[in-house]
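A short write-up of the structure that comes next.
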Amino acid sequence: MDYYSYRNGKLFCEDVPVADIASAVGTPAYIYSAATLLHHYRALAEAFGPLRATICFSIKTLSNLHILRLLAQAGAGFDVVSGGELARAQAAGGDMRRIVYAGVGKTDRELTEAIHAGIGLFNVESEEEFENLSRLAAKLNKKVRVALRLNPDVYDPKTHTYTTTGKKETKFGVDIERGERFFETYGRDKHAALDGIHLHIGSPIYSPEPYVQAINKTLALIGSLAGKGLPVRVLDIGGGYAADYEAGASPTAATYAAAILPLLKDTGLEIILEPGRQIACNAGLLLSQVQYVKQGGDRKFVIVDAAMTDLIRPALYGSQHFMYPAALAPGEGVPQRRLDYVPPAGEKVDVVGGVCETSDFLAKDRLLPPMHRGDLLAIFSAGAYGFTMSSQYNSRPRAAEVLVEGNTFRLIRRRETYQDLMAAEEEV
């Protein structure tokens, strides 16, 4: 369930009119629903409950400390891919035993910090990384637990080429044939206990089938390794579970689980998931305000105060987010959260920002009700990879972030100032 709704023509996040938030903190602003976030986390935890799976929220998806604290209190672990993300997990009170650390380019500093933190699992991606991790653990007189990231050579054809990670040709992990040799070479290391396998095949994955293929290939490898005296005890099946950018367009947590559970329920493996998008996506929206409406040849432009610096997904991935005014016209029915929804008196427009790039757009050829200067426009399903991928390009201060809980809301990241843009330069 997503706790956004129109009531008497006004858009609410839980029990708060989003217009009230705009009046209090300005626009653009990222707004998050705590109830939506926790609903999607709990849906995954319940669906995979028979496996007693550890749910490690992917911090790269939505990294605000207040959000991470909310999830940590609900029992989530965390998936991190950098030293900065590990620092966020620590600051949010995350259980270090429920931290998994992925990424192809971990530096000595990052590895050392993670060893000292006592994280639960390192997901290594190459022979040189394993050797370096073992060396650092020995130097610190520590023992670490390691999973090898495998490329099972599967993918979902709906996944964008930039987010496909399960093919042999990507920079991530090693292929299955090489993986067997990897375990034979390093499986008895004294300082880095290699007893896990990590899978992450891309994002978003719109069908359980690629997971089924990847897990079946991996279970065959695990059986072969067991016959060689190299037991695998933990299987991290990664993330990438799709979210509903359009209502009813993606599988539910229960749908994924129904296909995956039968493969793993009798294996005795410790199971880890790394969801991000399915938890965070529909918990957030980006609220913007119309600055101008402009005709350019045959195209009509709605120019808003949000831009590619606030939400780069449309420009980078060709992603499409449902968007609609935060106030409906008198008598207008509640819109359907679908890209093909035809509004009353709709007109085709491009929704663009103020950045000096032609690539700065939030939607093209989108049917919207007539928009006017000062109107609020809500860009839905923006909780995943929205604020975390934002930038200060064109020296644009980054947006405010707001968390709604029931009938109250609070600022969880203030809007940046011009002084913030220059602070690191003035300090040297």
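The set of residues from region 262-297 being closer than 30 Å to D375 by Cα and of a type in the set (A, V, I, L, M, F, W, C) comprises I279, A280, C281, A283, L285, L286, L287, V290, V293.
Taking the criterion of being surrounded by fewer than 17 Cβ atoms within 10 Å (Cβ to Cβ) and within 23 Å of T252 (Cα to Cα), the residues of region 1-23 that qualify are M1, S5. In region 257-269, the residues that are at pLDDT 95 or above reach residues that are surrounded by 13 or more Cβ atoms within 10 Å (Cβ to Cβ) and among the hydroxyl-bearing types (S, T, Y) with C-beta atoms within less than 9 angstrom, at least six apart or across chains, in these pairs: A259/S207; A259/Y211; I260/Y211; L263/Y211.
Would you confirm whether or not region 238-251 contains a residue that is more than 18 Å from the chain's Cα centre (by Cα), surrounded by 17 or more Cβ atoms within 10 Å (Cβ to Cβ) and outside the structural domain of M323 (by TED's automatic domain parsing)? Scanning region 238-251 turns up no residue that is more than 18 Å from the chain's Cα centre (by Cα), surrounded by 17 or more Cβ atoms within 10 Å (Cβ to Cβ) and outside the structural domain of M323 (by TED's automatic domain parsing). Mind checking whether some residue in region 262-277 is touching a helix residue (DSSP H, G or I) at 6+ places or on another chain (Cβ under 9 Å), more than 14 Å from F48 (Cα to Cα) and not basic (K, R)? Checked region 262-277: at least one residue is touching a helix residue (DSSP H, G or I) at 6+ places or on another chain (Cβ under 9 Å), more than 14 Å from F48 (Cα to Cα) and not basic (K, R). Restricting region 225-237 to residues that are out of contact with any His (no Cβ under 6 Å at 6 or more places or on another chain) and surrounded by 15 or more Cβ atoms within 10 Å (Cβ to Cβ), the residue that is nearest to D79 (Cα to Cα) is I237.
Right, I197: without any contact (Cβ under 8 Å) to a residue 60 or more places away in the chain, of a type outside the set (D, E), surrounded by 24 or more Cβ atoms within 10 Å (Cβ to Cβ) and part of a strand (DSSP E or B) or not? Yes; evaluated as a whole, the condition is true for this residue. Return the only residue of G75, G26, G84, G49 being modelled with pLDDT of 95 or more, in the same structural domain as R145 (by TED's automatic domain parsing), at positive phi and loosely packed, with under 15 Cβ neighbours inside 10 Å. When all the criteria are applied, what remains is G75. Tell me, yes or no, whether region 359-367 has at least one residue that is on the phi > 0 side of the Ramachandran plot and at pLDDT below 95. Taking every residue of region 359-367 in turn, none turns out to be on the phi > 0 side of the Ramachandran plot and at pLDDT below 95. Across region 369-428, the qualifying residues are those that are in contact (Cβ under 8 Å) with a residue 12 or more places away in the chain and acidic (D, E), and the one among them that is surrounded by the most Cβ atoms within 10 Å (Cβ to Cβ) is E401. A single member of G354, G346 is farther than 27 Å from I67 by Cβ, touching a strand residue (DSSP E or B) at 6+ places or on another chain (Cβ under 7 Å), free of Cβ contacts under 8 Å to residues at least 24 places away in the same chain and surrounded by 13 or more Cβ atoms within 10 Å (Cβ to Cβ), and it is G346.
Results for (1) outside any helix (DSSP H, G or I); (2) of a type in the set (S, T, Y), shown as yes or no for each residue.
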site	(1), (2)
A247	yes, no
T267	yes, yes
P275	yes, no
A280	no, no
Q289	yes, no
K294	yes, no
K300	yes, no
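Within region 377-408, being touching a helix residue (DSSP H, G or I) at 6+ places or on another chain (Cβ under 6 Å), among the hydrophobic types (A, V, I, L, M, F, W, C) and part of a strand (DSSP E or B) holds for A400, V402, L403. Name the residues in region 87-112 that are surrounded by 14 or more Cβ atoms within 10 Å (Cβ to Cβ) and among the acidic types (D, E), would you? Hits for region 87-112 are D95, E110. At least 3 residues being among the aromatic types (F, W, Y), within 30 Å of V352 (Cα to Cα) and touching a helix residue (DSSP H, G or I) at 6+ places or on another chain (Cβ under 7 Å) is the threshold, and among the strands (runs of 3 or more DSSP E) wholly inside region 1-119 not one reaches it. If you check E131 against the conditions, is it modelled with pLDDT of 95 or more and in a helix (DSSP H, G or I)? Yes; evaluated as a whole, the condition is true for this residue. Scanning for something touching a Pro at 6+ places or on another chain (Cβ under 7 Å) and in a loop (DSSP other than H, G, I, E, B), does region 249-258 turn up at least one residue? Yes - at least one qualifying residue is present in region 249-258. Among the residues of region 317-334, those that are touching a residue at least 40 places away in the same chain (Cβ under 8 Å), of a type outside the set (A, V, I, L, M), farther than 19 Å from A243 by Cα and in a loop (DSSP other than H, G, I, E, B) comprise P330, E332.
The values are calculated or read from the model by the stated rules, or taken from the named source; none is laboratory data. Just so it is clear, the structure is predicted and the values come from calculations on it, not from any experiment. All Cβ positions, even for glycine, are placed from backbone atoms using ideal geometry, and neighbour counts span all protein chains on display.
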